[in-house]
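One structure is given here, and the rest of the page talks about it.
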Amino acid sequence: MRMLSTLAVAASLVCTAGLAGAAPAPMGDKNAFIADLIGQMTLEEKIGQLRLISIGQDMPQPQLIKEIAAGRVGGTFNSVTRADNRPLQDAAARQSRLKIPIFFAYDVVHGHRTVFPISLGLASSWDMGVVEQAARISGLEASADGLDATFAPMVDISRDPRWGRTSEGFGEDPHLVSQCARASVKGFQGASPANPQGVMAFVKHFALYGAVEGGRDYNTVDMSPQRMYQDYLPPYRAAIDAGAGGVMIALNSVNGVPATSNTWLLRDLLRKEWGFKGVTVSDHGAIDELLRHGVASNGREAAKLAIQAGVDMSMADSRYLEQLPGLVKSGDVPVRLIDDAVREVLGAKYDMGLFQDPYRRIGNAAGDPADVNAEARLHRAEARAAARKSLVLLENRNQTLPLKKSGTVAVIGPMADAPIDIMGSWSAAGKATQSVTLLQGMRDALAGNGKVVYARGANVTDDERVVGYLNFLNWDNPEVVQDKRSPGDMIAEAVEAARQSDVIVVAVGESRGMSHEASSRTSLSLPGSQQTLLKALRTTGKPLVVVLMNGRPLTVNWEKENADALLETWYAGTEGGHAIADVLFGDENPSGKLPISFPRSLGQIPTYYNHLRIGRPFTPGKPPNYTSQYFEEESGPLYPFGYGLSYTTFSLSDITLSGQTMPRNGKLTASVTVKNTGQREGETVVQLYVQDVTASVVRPVKELKDFRKVLLKPGESRVVTFPIDEDKLKFFNARLEYAAEPGDFNVQIGLDSESVRQQRFALQ
Ligand code: NOJ
């Protein structure tokens with residue numbers, strides 16, 4: 001439907017894909033056009049459309065071309081150049097009987113050739129312009145490489161940082177993640193998925209993947225309907241409402257039923273309740289995995305369950321191809337179900353604009369870039385600007401930062417010169433050789449004015465088991481390369497470098513593979529090798545600036561207490577090194593805020609801020625006995641959601657409410673005055689939280705409902721006004737009705753989720 005308006009102008013065009021001789025349907029009428037095409041297809045051709053092939057994994061290229069020409073492939077993923085995709089499209093759009101184009105997809109999650117900060121970093125900007133722009137440029141670069149679709153955004157709420165894929169999402173909060181979901185879809189697709197300079201967004205992983213038990217990847221999810229509807233489902237919904245053309249189905253089960261065979265999820269919720277009109281794809285091999293989940297005893301049953309549940313395309317497994325013909329023949333699967341799935345696949349291709357022009361994004365050979373990795377194809381300035389906004393200043397004792405551009409800086413640490421790691425996981429077609437590392441960024445910033453001395457200081461980890469795991473998939477070209485010197489020698493060199501310097505900038509964290517798919521951790525601390533390095537550097541007495549590079553919250557208690565400055569940089573992407581140097585030297589005033597809480601210890605997980613109220617809460621300043629807490633350590637997170645410092649300071653006034661009561665369907669406003677009380681211009685994020693004081697079900701202690709990022713000159717004040725309407729007060733009650741209940745509400749406004757001002761009003 002989305003495309004109809006765009007294509008209305010093309011209403012006079014006729015289908016070029018239909019059988020010669022058959023009266024083609026007008027292309028401007030999507031439904032008629034697709035119905036007409038389906039009417040011409042054999043069962044084998046229909047089943048072919050449901051097949052999504054992984055390039056380089058499923059079969060060699062000559063065989064793939066034959067399969068495509070035979071009408072047995074609907075789309076592919078993992079090939080990333082126009083030259084690679086063209087012969088495949090030729091096989092589909094020129095050689096196959098019905099000339100139905102295929103589409104090309106890829107995991108373009110936070111950049112394509114240019115790598116932007118990981119999603120957790122983008123979310124830290126709390127700037128939807130930044131999030132949208134990163135997606136827009138990713139889509140632009142991907143489409144320029146002949147891609148039509150991306151398996152993104154990944155909007156799984158993640159409250160358990162043991163989960164390695166925390167890095168791929170936008171954090172723990174339903175509102176913030178939903179905003180990021182919307183902005184990403186807008187960015188990737190532009191005005192519509194037919195945009196030749198954008199790609200169709202496949203939101204993933206539907207659903208609840210971030211809640212896997214114990215943070216163990218691929219594990220089960222067991223969740224109350226209230227929590228699902230209230231907290232975990234809104235970001236998928238937001239992406240769909242923003243027009244995402246596709247949905248990727250999660251690998252986990254949901255309350256005992258794998259998402260891949262979950263009719264409630266895919267038909268009742270997604271299609272009937274939410275009105276989703278696009279295409280669904282399974283995740284990699286997920287139909288096959290129904291056997292291992294133990295809900296299908298053979299491939300036939302697996303295929304039947306998946307097609308019945310509403311899985312339109314099967315990714316990288318052959319169950320549909322092998323089993324659907326027999327299932328249809330025996331009457332176990334009505335051909336209507338196949339037609340429904342084919343309609344969605346063809347609909348997606350129609351929406352991508354591929355029936356108008358299968359080469360819409362591939363272009364012709366004469367226009368192919370001579371070098372796909374050419375510098376001129378990168379968007380460095382935009383990547384640097386986004387990365388600057390994604391950095392979160394956690395500590396800054398005695399104004400250690402910003403540094404002066406003079407003297408000698410010791411740049412130390414296993415992450416300081418790590419061009420692969422700084423890209424983060426899912427770095428698409430990014431090239432490590434084009435990354436600016438922290439070392440490079442510091443050298444560029446100091447060029448002509450100061451000196452950099454460098455020492456690696458430690459390996460990311462000395463645990464060979466971990467190194468073996470991280471290199472498992474790429475032994476030929478290992479990502480984690482161990483320095484063979486002894487830890488003692490490396491530390492001695494680093495300490496010596498520090499002694500010769502005025503300040504230490506040490507980059508520590510996780511190699512990117514540690515925060516990735518299938519990289520769940522049992523510890524959230526820095527590996528021992530890096531802790532030893534930090535402690536040795538501390539003994540030099542030099543100012544210690546710790547730069548964190550990681551894809552999940554870490555338990556950085558020692559670092560919090562001992563670093564003079566602590567900067568969370570996530571994985572900041574192609575221009576990461578420049579952006580970090582910009583912040584360290586004060587060319588950029590940091591303004592990022594945490595999109596996820598940092599726990600004090602592993603045992604404290606989960607530490608998300610918007611937890612439900614309880615009967616015996618721990619109250620700071622009151623005796624902890626018989627309250628809900630851990631007796632061995634302090635309560636509350638190490639760093640709360642929404643937290644982040646600046647080189648300037650801000651004050652916040654009390655809240656002014658426009659009224660004490662709000663009528664049904666009425667409106668209120670809550671205003672605060674935020675003032676820059678420091679010496680330099682800076683941005684902060686004013687955050688609005690709401691607490692329902694009494695309701696028919698237990699409600700969270702607070703929930704983020706709105707935020708504004710404001711830029712203020714020194715001494716400048718601004719009144720920030722948040723409108724509050726009934727929508728902001730609604731929740732899913734015990735019967736899953738979405739409604740606001742009359743009674744008192746606390747409005748809280750702060751510059752993080754913990755230090756807030758509060759006022760109360762009543763909904764009548
Ligand atoms: C498996 C991952 O779970 C998913 O996020 C990704 O899109 C597919 N593989 C395709 O690469």
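May I ask for the distance between the Cα centers of region 307-327 and region 504-576, given as a whole number of Å?
First find each Cα centre; the distance between them is then 45 Å.
Measure off 7 Å from each Cα along the Cα-to-Cβ vector at SER525 and ASN746, then give the distance between these two points in nanometres to one decimal.
3.5
Whenever you get a sec, line up ILE157, ILE65 from highest to lowest accessible area (probe 1.4 Å, protein heavy atoms).
ILE65, ILE157
With Cβ to Cβ distances under 11 Å as the rule, what net charge do the other residues near GLU510 carry (K, R +1; D, E -1)? Working shown, then result.
On the way: positive: ARG512, ARG521, ARG552; negative: ASP421.
Net charge around GLU510: +2.
Could you tell me the accessible area of LYS451 in Å² (1.4 Å probe, neighbours in place), rounded to the nearest ten?
Probe radius 1.4 Å; accessible area of LYS451 about 110 Å².
I'd like the distance between the alpha-carbon centres of region 700-717 and region 353-374, rounded to an integer number of Å.
With region 700-717 and region 353-374 each reduced to a Cα centre, they are spaced 44 Å.
Does a label point 7 Å from the Cα of LEU711, set along Cα-to-beta-carbon, have any residues of region 565-606 with amide nitrogen under 19 Å, and which are they?
579-580, 582-593
Which Cα, out of VAL409, GLN660, ALA123, lies furthest along the positive dipole direction of the chain (beta carbon charges, K/R +1, D/E -1)?
Of the candidates, GLN660 comes out farthest on the positive side.
Once neighbouring chains are kept in place and the probe is 1.4 Å, which whole percent of the accessible area of region 370-512 is contributed by carbon and sulfur? The partial results should precede the final answer.
On the way: 3220 of 6390 Å².
That share works out to 50 percent.
Less than 24 Å apart at the alpha-carbon level, and either on another chain or at least 8 residues along: which lysines does that give for LYS349?
Filter leaves LYS30, LYS46, LYS66, LYS99, LYS186, LYS204, LYS272, LYS277.
Which of rounded, prolate or oblate describes region 443-500 when judged by the alpha-carbon gyration tensor and an a/c cut-off of 1.5? Walk me through the numbers before you get to the answer.
Details: a/c = 4.26, a/b = 1.77, b/c = 2.40.
Judged from the Cα gyration tensor, region 443-500 comes out oblate (a/c at least 1.5, b/c at or above a/b).
Assuming 0.36 nm per residue, please report the length gained on full extension of the stretch THR649 to ASP725 beyond their Cα-Cα distance. Walk me through the intermediate numbers first.
On the way: separation 76, 0.36 × 76 = 27.36 nm, distance 3.10 nm.
Computed gain between THR649 and ASP725 is 24.3 nm.
Provide the gained length on full extension for the span ALA432 to ASP489, in nm with one decimal, where the gain is 0.36 nm per separating residue minus the Cα-Cα distance. Numbers along the way, then the final one.
Details: separation 57, 0.36 × 57 = 20.52 nm, distance 2.76 nm.
Stretched out fully, the ALA432 to ASP489 stretch lengthens by 17.8 nm.
Count the net charge of all other residues whose Cβ sits under 9 Å from the Cβ of GLY424, scoring Lys and Arg as +1 and Asp and Glu as -1. Please list the in-between numbers first.
Numbers: positive: ARG512; negative: GLU168, ASP421.
Here the count lands on -1.
Using a basic spin-label model with each label point 7 Å from the Cα along Cα→Cβ, how many nm lie between GLU213 and ALA370?
5.8
Need one number: nm distance between label points at LEU657 and GLU479, each 7 Å from Cα along Cα→Cβ, rounded to one decimal.
5.0
Calculate I(q)/I(0) for region 384-604 by the Debye formula, one identical point scatterer on each C-alpha and no solvent, and give its log10 at q = 0.13, 0.17 Å⁻¹ to two decimals.
Evaluating at q = 0.13, 0.17 Å⁻¹ gives log10 I(q)/I(0) of -0.69, -1.25.
For the pair LYS66 and GLU464, what calculated FRET efficiency results from E = 1/(1 + (r/R0)^6), where r is the Cβ-Cβ distance and R0 = 60 Å, to the nearest 0.05?
Details: r = 44 Å, r/R0 = 0.74.
Result of the calculation: an efficiency of 0.85.
How much of GLU141 can a 1.4 Å solvent probe reach, expressed as accessible area in Å² and rounded to 10?
10
Provide the net charge surrounding ASP463, with neighbours chosen by a C-beta distance below 13 Å and charges set as Lys +1, Arg +1, Asp -1, Glu -1. All intermediate terms of the calculation are to be shown ahead of the outcome.
Details: positive: ARG465, ARG521; negative: ASP462, GLU464, GLU510.
It works out to a net charge of -1.
Alpha carbon centre of region 745-764 versus region 73-113: separation in Å?
51
What is the P(r) of the chain, as percent of Cα-Cα pairs per 10 Å bin from 0?
So the P(r) values, bin by bin, are 3, 14, 23, 25, 19, 12, 4, 1, 0.
Determine the share of region 650-763's accessible area contributed by carbon and sulfur atoms, expressed in whole percent, with a 1.4 angstrom probe.
Values: 2350 of 5010 Å².
Its accessible area is 47 percent carbon and sulfur atoms.
Starting from the residue with the highest accessible area, list SER119, SER523 in decreasing order, probe 1.4 Å. Walk me through the numbers on the way to the answer.
Working: SER119 5, SER523 40 Å².
Putting SER119, SER523 in descending order of accessible area: SER523, SER119.
Could you give the accessible area per residue of the chain, probe 1.4 Å, as a whole number in Å²? Numbers along the way, then the final one.
Values: 27720 Å² over 764 residues.
In whole numbers, the chain has 36 Å² accessible per residue.
Note the angle between two axes, namely the Cα long axis of helix 174-189 and the longest principal axis of the Cα atoms of the chain, as a number of degrees from 0 to 90, rounded to the nearest 10.
Taking the Cα atoms of the chain, the angle to 174-189 is about 50 degrees.
Cα convex hull of region 650-763: how many Å³ per residue?
Values: hull volume 9.7 nm³, N = 114.
Spread over its residues, the Cα hull of region 650-763 gives 85 Å³ apiece.
Let me make sure I get this right: for region 276-338, a, b and c are the square roots of the gyration tensor eigenvalues over alpha carbons, sorted descending. Under 1.5 in a/c it's rounded, otherwise prolate if a/b > b/c, else oblate. Which is it?
oblate
Take each of the peptides 181-194, 105-118, average the number of other beta-carbon atoms within 10 Å over its residues, and list them starting from the highest.
Ranking, from highest mean packing down: 105-118, 181-194.
If r is the Cβ-Cβ distance from ALA35 to GLN57 and R0 is 30 Å, what FRET efficiency results, to the nearest 0.05? Can you show the working numbers first?
Working: r = 34 Å, r/R0 = 1.13.
So the FRET efficiency works out to roughly 0.30.
Only helical DSSP H runs with n ≥ 4 go in: add -39500 (n - 2.57) per run for the chain, normalise by residue count and round the 222 nm mean residue ellipticity to 500 deg cm²/dmol. Let's see the in-between values first.
Values: 20 runs with 199 residues, N = 764.
Calculated mean residue ellipticity at 222 nm is -7500 deg cm²/dmol.
Taking the DSSP beta bridges in region 384-604 as the whole, what percent of them are antiparallel, to the nearest 5?
Working: 4 of 24 bridges.
Of those bridges, close to 15 percent are antiparallel.
Would you kindly find the accessible area of LEU473, with a 1.4 Å probe and non-protein molecules such as ligands, DNA and RNA excluded, rounding to the nearest 10 Å²?
We get 150 Å² for LEU473.
Ranked from the most accessible area to the least, with a 1.4 Å probe and all protein chains present, what is the order of SER138, SER658? Walk me through the intermediate numbers first.
Working: SER138 0, SER658 75 Å².
These residues rank, largest area first, as SER658, SER138.
Tell me, what is the FRET efficiency for LEU337 and ALA191 to the nearest 0.05, using R0 = 45 angstrom and their Cβ-Cβ distance as r?
Working: r = 33 Å, r/R0 = 0.73.
It comes to 0.85.
With no solvent and one equal point scatterer placed on each C-alpha of region 607-693, evaluate the Debye formula and give log10 I(q)/I(0) for q = 0.16, 0.19, 0.25 Å⁻¹, two decimals.
Log-scaled intensity ratios, in q order: -0.97, -1.07, -1.22.
The values are calculated or read from the model by the stated rules, or taken from the named source; none is laboratory data. If you're wondering where the values come from, they're calculated on a predicted model, not measured in any experiment. Here the Cβ is made from the backbone with ideal geometry for all residues, glycine too, and neighbour counts use every protein chain on show. For the accessible areas, the whole protein counts, side chains as well, though only heavy atoms, and no ligand, DNA or RNA atoms are used. Shrake-Rupley method; radii C 1.70, N 1.55, O 1.52, S 1.80 Å.
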